[in-house]
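Participant: The structure follows.
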Amino acid sequence: MSSKNLLESILSALSNEVRAEVLKLISMEGPLSFTAIMEKLEMNPKSDAGKFGYHLRMLNDAELIKSDESSGKYYLTLLGQDVANFIYGVEDAVRRKKGDMLVRTSSLTIESFERKKIVDALMREASVPRKLAESISKEAEDRLKKLQVRYLTAALIREFINSILLEKGLEEYRHALTRLGQPVYDVTTTIKNTAFRDFPSPEKVHMLAGDAVLEEYMLLKVLPRTIADAHLCGAIHLNNANYWALRPADIQHDLRPFLDGALSADGTGLSLPTHSCPKSFTGALYTLNSLLRSTSTLVSNSQSVGFFNIFLAPFIKDLDDATVKSNLRDFLYNLNSCVNIGGNIGIAINAELEIPRFLESVKAVGPNGKSDQYSDYYDESLRLLRLFLDVMREPDGSSKPLINPAIFLKVRKKSLVTDKASDCFESAYKLAEAWGSVYFVNQMLPWQQSNVFYNANLSRIDSEWKDWESGTMRVGSMDNVTLNLPRIAYEANGDDDRLIERLRELLELAREALSIKKQILEERVHIDRLLPLYKEEFEGNNYFRLSDSPGIISYVGLPEAVKYHTGFDLSDSDEALKLSTLIIDTMDGYTRQMLPSTRLLTSSITFEPSAQRLTQLDVASGYLKSKDSQAYTEHSNLPLTTAIPLRKRLHIEEFFQQKTRGGHLFDLRLEEPFPTYEVLSNNTRRILETAAIGLFTFTRDYSYCSRCRNIIYGFHEKCPKCGYDGNRIMLYTKTYGKIKPSKTWSTNDRQFALNTQRFTL
Ligand SMILES: [Zn+2]
């Protein structure tokens, strides 16, 4: 057809209202069948069919629609879509001419302005009485008409209503009608700057935009004003604010129900392939991997696997060492790729050097179901642990380390006095020497109770709560509220009583915030069904034991607070030490008072670096003079940037660790040349035998050149082997207790990595 003829047939096709409606209908709803179009246009399928067929033929002849032969449905051609858009434009112009206002709504359609919708929204969202809602909506309509806004959106109408509410002093209603979201500029900035954060990806942009909404939602809707304000002004810091209203911070898994087929890794069993009861070691490791993968969206920080080498020991009984190692290697590669995809969810493995007494006679889950008991697998558990540590020490194919999982090696009495575990110890020291991924847990200290688990975010739980199972398995920290201790000291202005009084007030706020979080999680699990695995029933309880899960109250700036209050340094003054003891005793005492109804734990660990933010807010509030004040001490009770002898640090941290039952770490960052594993061995034993340190680790700095695939110990900007000095050199160290490569360092991480004190043994 010539273009002139085509234009004529298009114009004649448009000269009828039914045909115009057909075009609009298909453009809105997608391809439709003959009868579906008739139904939607409310035509009679019998009497109107002939006439309707004629209309479709005309549209078809004008090349505006085509029918799909296989489905029989009609769809728009590209030309047809253009013409449909043209019709919308004409309709808009007509409406504008008539004085109607058009609104772009949040569901991406265009509607005529209807005042009634404002009345409904005011009543539904903010419970505004009808009469008031009517008068506000009328006022809004009048004002909008006068303004003659060309591009009227639902968001703009809402802003308009909100300002009317404010003018009338109806602030509470305005509060309920607030729209959460980000300015356009901020979203653009997020897109442009995400490359400089951990694991940049389009998904990360999406996450950050969502974070902004949900963090505001928490502060506006979930928490009472007093708590939200305390967070905003920097008296406290709510960790994981973006997910506060959605999920707990971490979880301690129990592998057994997944190994014996009682539970599926994804909860419902509908989303992931499952072995039910794995019959082999590879099957068991697959089950663990899919559990970690599916739970990675159900926690904010980390997941931990308890008794890893004991619960998996029955599966390696008939396998030789080479096979076990090869299976473990596959497992670790899968695990690390899963962790990197999921973002920042850390994985912790809690491993045992002996079978704890309470597990000895517990029935073991193995490839043939439940049989024997765990004490029958002592040798296998040690063999598995040794092979696991050895595989962890091997670099990957391009010579860099596997940084996940973090391994928490629990040392009980028997393993130290017999020789049975000496191979495992040796492998652990070699791993500590190579990459630093081992954390030593002193399980012999009385305050560690019969069982203790640490997680990858360094939270800690023990069996003082009920028993080893209810206290430490299938529970997790709900979240962490950090107290700004220096702020308390500034406010007390030298008065001891005021200091403690203010501390108690903030503890009370933290408790309230955590108890609200518990109620919310209850709702998310049971009513909103957002965390399917947690709801699954197992042995008369839900998989995630929410009522046994602790809330964490942590702190930053202990040395700074004490220095301000007493004028002395914590490391060399009895008076300063006495005050810091009083502060931590008050915190620990407060959490103990809540027993047995509420499980709260004091911790020296924050789940996200918070000191920088709190320091800046103290500057902004005028408590601190200098704009470039150094951030408060975090993750430690003594300043990390000033040189204090190791012996002294150990002695002081000893006291604080037993009072911080929700989390702590003594991080021995060591200078190069790094001690040999034999020296690490001697020092580990000495610390275990003579100091009351529950958790410690050795940290080594190293650099990796991805051009020549070379590891160089210490921090190097230039590769000594190939001379390369660009951005493919990556630095590794522990920042805030976790191994992180420099490409994922935040500003806080960088400062921590470069400025904190290193020791020599
Ligand atoms: Zn190189």
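Participant: Could you check, for region 96-104, whether at least one of its residues is at pLDDT below 75 and in contact with a strand residue (DSSP E or B) (Cβ under 6 Å, 6 or more places away or on another chain)?
Facilitator: Yes - at least one qualifying residue is present in region 96-104.
Participant: Moving on. Exactly one condition in (1) farther than 16 Å from Ser300 by Cα; (2) touching a helix residue (DSSP H, G or I) at 6+ places or on another chain (Cβ under 7 Å) is not met by Val525; state its number.
Facilitator: (1)
Participant: For the structure I just gave you, tell me whether Thr760 is more than 16 Å from the ligand (Cβ to nearest atom) and either open to solvent by 20 Å² or more (accessible area, probe 1.4 Å) or without any contact (Cβ under 8 Å) to a residue 12 or more places away in the chain (or both).
Facilitator: Details: more than 16 Å from the ligand (Cβ to nearest atom): yes; either open to solvent by 20 Å² or more (accessible area, probe 1.4 Å) or without any contact (Cβ under 8 Å) to a residue 12 or more places away in the chain (or both): yes.
The answer is yes for Thr760.
Participant: For region 121-140, which positions are out of contact with any Phe, Trp or Tyr (no Cβ under 8 Å at 6 or more places or on another chain) and either outside the structural domain of Tyr173 (by TED's automatic domain parsing) or among the hydrophobic types (A, V, I, L, M, F, W, C) (or both)?
Facilitator: Ala121, Met123, Leu132, Ala133, Ile136
Participant: Among the residues of region 706-715, is any part of a strand (DSSP E or B) and more than 16 Å from the ligand (Cβ to nearest atom)?
Facilitator: no
Participant: Could you list, in sequence order, all residues of region 717-740 that are away from the ligand (no atom under 16 Å from the Cβ) and open to solvent by less than 40 Å² (accessible area, probe 1.4 Å)?
Facilitator: Hits for region 717-740 are Thr733, Lys734, Thr735, Tyr736, Gly737, Ile739.
Participant: Can you tell me which residues in region 655-682 are in a helix (DSSP H, G or I) and open to solvent by 20 Å² or more (accessible area, probe 1.4 Å)? Lay out the reasoning, then the answer.
Facilitator: Let us first name the residues in region 655-682 that are in a helix (DSSP H, G or I), namely 655-659, 677-682.
Matches in region 655-682: Phe655, Gln658, Lys659, Tyr677, Glu678, Val679, Ser681, Asn682.
Participant: Considering only region 375-397, how many residues are of a type in the set (Gly, Ala, Ser) and at pLDDT 95 or above?
Facilitator: 2
Participant: I need every pair where a residue in region 128-146 that is more than 14 Å from Met101 (Cα to Cα) has its Cβ under 9 Å from the Cβ of a residue that is among the aliphatic types (A, V, I, L, M) and in a loop (DSSP other than H, G, I, E, B), sequence separation at least 6 or different chains.
Facilitator: Val128/Leu170; Leu132/Leu170; Ile136/Val128; Ile136/Leu170
Participant: Checking the structure you have, find out if any residue of region 258-274 is at pLDDT 95 or above and assigned to a helix (DSSP H, G or I).
Facilitator: yes
Participant: Determine if region 394-408 includes at least one residue that is more than 18 Å from Phe696 (Cα to Cα) and β-branched (Val, Ile, Thr).
Facilitator: no
Participant: Do we have any residue at all in region 483-490 that's within 23 Å of the chain's Cα centre (by Cα), closer than 30 Å to Leu531 by Cα and assigned to a strand (DSSP E or B)? Talk me through it step by step, then tell me what you get.
Facilitator: Initially, region 483-490 is screened for residues within 23 Å of the chain's Cα centre (by Cα), giving 483-484.
Checking which are closer than 30 Å to Leu531 by Cα leaves us with 483.
Going one step further and asking which of them are assigned to a strand (DSSP E or B), we end up with 483.
Yes, region 483-490 contains at least one residue that is within 23 Å of the chain's Cα centre (by Cα), closer than 30 Å to Leu531 by Cα and assigned to a strand (DSSP E or B).
Participant: Is it the case that region 658-670 has a residue that's within 16 Å of the ligand (Cβ to nearest atom) and not assigned by TED's automatic domain parsing to the domain that holds Pro559?
Facilitator: Within region 658-670, not a single residue is within 16 Å of the ligand (Cβ to nearest atom) and not assigned by TED's automatic domain parsing to the domain that holds Pro559.
Participant: Right, something else. Report those helices (runs of 4 or more DSSP H) wholly inside region 518-601 carrying at least 1 residues which are surrounded by 13 or more Cβ atoms within 10 Å (Cβ to Cβ) and within 21 Å of the chain's Cα centre (by Cα).
Facilitator: 532-535
Participant: Taking only region 684-705 into account, find how many residues are more than 16 Å from the ligand (Cβ to nearest atom), within 21 Å of Ile403 (Cα to Cα) and not polar (S, T, N, Q).
Facilitator: So the answer is 5.
Participant: Within region 398-448, can you find the residues that are assigned to a helix (DSSP H, G or I) and over 16 Å from Asn683 (Cα atoms)?
Facilitator: Lys413, Lys414, Ser415, Val417, Asp423, Cys424, Ala434, Pro446, Trp447, Gln448
The values are calculated or read from the model by the stated rules, or taken from the named source; none is laboratory data. Not measured: the values here are computed from a predicted model. Virtual Cβ from ideal backbone geometry, glycine too; neighbours counted across all protein chains shown. In case anyone asks, the SASA skips ligands and DNA or RNA and just uses the protein heavy atoms, side chains included. Shrake-Rupley method; radii C 1.70, N 1.55, O 1.52, S 1.80 Å.
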